[in-house]
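As structure tokens, the structure follows; a few thoughts come after it.
Since every read-out is calculated from the coordinates, none of them should be taken as a lab result. Predicted, not measured: the structure shown is a model, and the values here were computed from it. A quick note on method: Cβ atoms are made from the backbone with ideal geometry, for glycine too, and the neighbour counts reach across all protein chains shown.
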Amino acid sequence: MLQQKIQYLVRSTLNITQKKQCPNCSHTKFDCLDTKYLVTRLYKCKFCKLNFRFPVDSKSFLEAFYQSKYKANYSDVTREITELPTDEDLIGMMKNNFYGKRNYSPFVKALLKSDSAKILDYGCSWGYSVFQLKQAGYDAEGFEISSARAEFGRKIGVNIHDKQSTVKNDNDLILSSHAIEHLPVVSEYIRFAATKLVHDGILISFCPNGSPEFRAREPKNFHVNWGLLHPNYLDVEFASHTFRNNPYLILTDDWRYNFEQIEKWDGRSQIVGEKLDGQELLIIAKPNVII
Ligand SMILES: [Zn+2]
């Protein structure tokens, strides 16, 4: 972790003269929300409302980085994100449907009200969530930028694409869990996902909540949550601005959601939940439906 951090600081210092430009929309007017290690800043773009870390990393750097092993800091714990289970562990995990790992089937079911649909999990790591979705009856596949992790998914019988070009075009729902905050250009992902969804298709993104209400509640964690691994720190304002012409349901929570509220969403309205200070932001939208 220390070596990773030193490399990041050296890179940030070398990049400090980089042109200040929003990685999402290329605009050049920002507010500074936070600073770290003298050389890194969290800016909010005045145009697209994205909170992003400056200096930014190049696309090619990020692509190479996610092929490698890396670790992540979560407030007070450091986790080896890229660790893969042994074959022996895997057999036990498959038997109990990866119990203990977050299962997205209830979210999908609440939104689609159906047990059969085509689902893509974008940024699915080695695919346990794809396995769970398949167990729930969905026609599910994954996408993972790390070819090593995508390859590993074959061990549990799930299909994981490591190139966007091979992803099917007719998904009913694309979900990404804690992936969007790592991406070099969020808007490119949303455009890509829209082309891979049917007209009425749903895009779901879970990510850390960068909203000011969460910052007021947990200032220390807000400060920890952006940086090396999280170049984007999305908030409710960014989500509602990005999907301003589309139906959406935007919620924040501490990992438990009110499924009744999700079920009730009519797929046509724009709704922001009352709770804004949750640890996690959940963005649900229909990017191909214009209202
Ligand atoms: Zn912008």
Exercise for the section: Taking 7 Å along the Cα-to-C-beta vector as the label spot, tell me the Asn245-Ala148 distance in nanometres, rounded to one decimal. Expected result: 4.2 nm
Exercise for the section: Considering Cα pairs under 8 angstrom that are at least six residues apart, work out the relative contact order of segment 74-171 and quote it in whole percent. Expected result: 22 percent
Practice task
Using the Cα centre as the reference, give the magnitude of the dipole from point charges on the C-beta atoms of segment 134-291 (Lys, Arg: +1; Asp, Glu: -1; all else neutral), rounded to the nearest 20 debye.
Solution key: 320 debye
Practice task
Take the Cα of Glu188, step 7 Å along the line toward its Cβ, and report every residue of segment 23-63 whose backbone nitrogen sits under 13 Å from that point.
Solution key: 23-26, 57-63
Exercise for the section: Pull up the cross-link candidates among the aspartates and glutamates for Lys168, meaning alpha carbon to alpha carbon under 16 Å and not fewer than 8 places away within one chain. Expected result: Asp121, Asp139, Glu141, Glu144, Asp200
Problem - Summed residue charge, Cβ within 11 Å of Gly123's Cβ, Lys/Arg positive, Asp/Glu negative - result: -2
Problem - In sequence order, calculated HN-Hα J values of segment 44-51 (Karplus, 6.51, -1.76, 1.60; Hz; x Gly/Pro) - result: 10, 5, 6, 8, 9, 6, 6, 8
Handout entry: 222 nm mean residue ellipticity, helices alone, for the chain (DSSP H n ≥ 4; -39,500 (n - 2.57); rounded to 500)
Key = -8000 deg cm²/dmol
Exercise for the section: Determine ³J(HN,Hα), in whole Hz, for all residues of segment 29-36 in sequence, where each value follows from phi through the Karplus function 6.51 cos²θ - 1.76 cosθ + 1.60 and θ = phi - 60°; x replaces Gly and Pro. Expected result: 10, 9, 10, 8, 9, 7, 9, 9
Problem - Label point distance in nm, Leu84-Ile290, each placed 7 Å from Cα along Cα→Cβ - result: 4.4 nm
Practice task
Please work out the ratio of the alpha-carbon Rg of the chain to 2.2 N^0.38 Å and round it to two decimals.
Solution key: 0.98
Problem - Spatially proximal aspartates and glutamates relative to Lys46 (Cα-Cα < 17 Å; intrachain offsets below 8 disregarded) - result: Asp31, Asp34, Asp235, Glu237
Problem - Placed amide H near His161: partners under 5 Å, 5+ positions off or other chain - result: Gly142, Phe143, Glu144
Exercise for the section: Calculate, for Asn96 and Val198, the FRET efficiency according to 1/(1 + (r/R0)^6) with r their C-beta to C-beta distance and R0 35 Å; round to the nearest 0.05. Expected result: 0.60
Completion exercise
Dividing the mean separation of Cα pairs under 8 Å (6+ apart) by the residue count of segment 87-285 yields a relative contact order in percent of 18 percent
Fill in the blank from the handout: For segment 87-285, percent of DSSP beta bridges that are antiparallel (nearest 5) comes out at 40 percent
Completion exercise
A correct Karplus calculation of ³J(HN,Hα) over segment 213-229, with 6.51 cos²θ - 1.76 cosθ + 1.60, θ = phi - 60°, whole Hz and x for Gly and Pro, returns 5, 5, 4, 5, 7, 9, x, 5, 5, 4, 5, 6, 5, 10, x, 3, 8
Fill in the blank from the handout: Magnitude of the Cβ-charge dipole (Lys and Arg +1, Asp and Glu -1) of the chain about the Cα centre, nearest 20 debye, reported as 840 debye
Handout entry: Across the chain: Cys residues that no other cysteine approaches within a C-beta distance under 4.7 Å
Key = Cys32, Cys124, Cys207
Practice task
Mind listing the long-range amide H neighbours of Phe30? Cut-off is under 5 Å, sequence gap 5 or more, other chains count too, H placed in the peptide plane at 1.01 Å from N.
Solution key: Lys46
Problem - Under 5 Å, built H, 5+ apart or other chain: amide partners of Asn246 - result: Ile291
Exercise for the section: Would you mind checking Lys49/Lys113; Lys19/Lys220; Lys19/Lys44; Lys49/Lys275; Lys49/Lys163 for any pair whose Cα atoms are more than 23 angstrom apart? Expected result: Lys49/Lys113; Lys19/Lys220; Lys49/Lys163
Handout entry: Calculated FRET efficiency for the pair Ser26/Asp254, C-beta based, R₀ 30 Å, to 0.05
Key = 0.30
